[in-house]
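Nothing in this text is a laboratory measurement; each read-out follows from the coordinates by a stated rule. Note that this is a predicted model, so its numbers are computed, not measured. Methodologically, a virtual Cβ is constructed for each residue, glycine included, from the backbone with ideal geometry; neighbour enumeration extends over all protein chains shown.
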Amino acid sequence: MGVIPIELQGLENWLGFITGLALGLVVLGDAQEYFVHLFETLSQRTKINYDPNPLHHLDPWSVPIIILAGWGWSRRRVEEPAYFPPSILLRCFIPLSGPIASFALIGILATFYMFLPLAFFKTAIAINIQIAMANLLIPIPPLAFGRALCCFWERQPRIRSIAESVGTVVLLGLVVLDHTLQWSLFAEWVMKPSAVILEWVLHQ
């Protein structure tokens, strides 16, 4: 088992990996913006500022993790506007809206795969499943679940920034150790569930 639950062999697989990763990072970031705007009064709703450039969502610190583990996070954070409800639960759902939206993207890609069963779409689906699962299962910021657990300090940017910096170093260290010492920590935690979901999505 490689970086994702399928082997990256040939140009088509690599193009699917890169395209799927780019789409996944954009969805992780922009879904937060969409979720926040759902609470804006309809008559006063402002334009949603989507950012389709994947480089604006790519955190340079996540690059080694993407290479070694096959998952990452969007560096985009959406600040709570004045109209957002003062609810801790809803605040926690802002980062979680990203990986949840990833499953909508997976559904769209799977629909294309039904009519065009190409390795390109299969690989793009696989990487997005893995990104979604890592962000939903690993409770360390800056992954979505970790950010959700830190939502109590949303209005204290210094504490939030320290938590994400420490979390990033911890994640990088764990992934490097997992890879070099062959612990299979993330294989059990992320890749095996991702492989099961991939098999179910593709009906294989």
**OP:** May I ask you to list the trypsin sites (Lys or Arg not before Pro) in region 96-204 that are in a DSSP loop and have at most 13 other Cβ atoms within 10 Å of their Cβ?
**Re:** Arg155
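Just from its helices, what would the mean residue ellipticity at 222 nm be for the chain, if runs of 4 or more DSSP H residues each count -39500 (n - 2.57) and the sum is divided by every residue, rounded to the nearest 500 deg cm²/dmol?
After summing the helix terms and dividing by the residues of the chain, the value is -20000 deg cm²/dmol.
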**OP:** Would you give the gap between the C-alpha center of region 64-114 and the C-alpha center of region 121-200, rounded to a whole Å?
**Re:** 12 Å
**OP:** Take the chain, connect every pair of alpha-carbon atoms lying under 10 Å apart with a spring to form a Gaussian network, then pick out the residue of Leu136, Leu96, Leu181 with the largest mean-square fluctuation.
**Re:** Leu181
**OP:** Rank Gln182, Gln44, Gln32 by mean-square fluctuation in a GNM of the chain with C-alpha springs under 10 angstrom and give only the top-ranked residue.
**Re:** Gln44
Subject >> Three semi-axes of the equivalent ellipsoid, region 11-202, Cα gyration tensor, whole Å, largest first >> reply: 27, 22, 13
Original post:
Placing +1 at every Lys and Arg Cβ and -1 at every Asp and Glu Cβ, with all other atoms neutral, what dipole size does the chain have around its Cα centre, in debye to the nearest 20?
Top reply: 380 debye
Original post:
Restricting attention to region 89-159, which chymotrypsin sites (Phe, Trp or Tyr not before Pro) occupy a DSSP loop and are surrounded by at most 14 other Cβ atoms within 10 Å?
Top reply: none
**OP:** Would you mind calculating the relative contact order of region 1-146 from Cα pairs under 8 angstrom and at least 6 residues apart, reporting the percent as a whole number?
**Re:** 35 percent
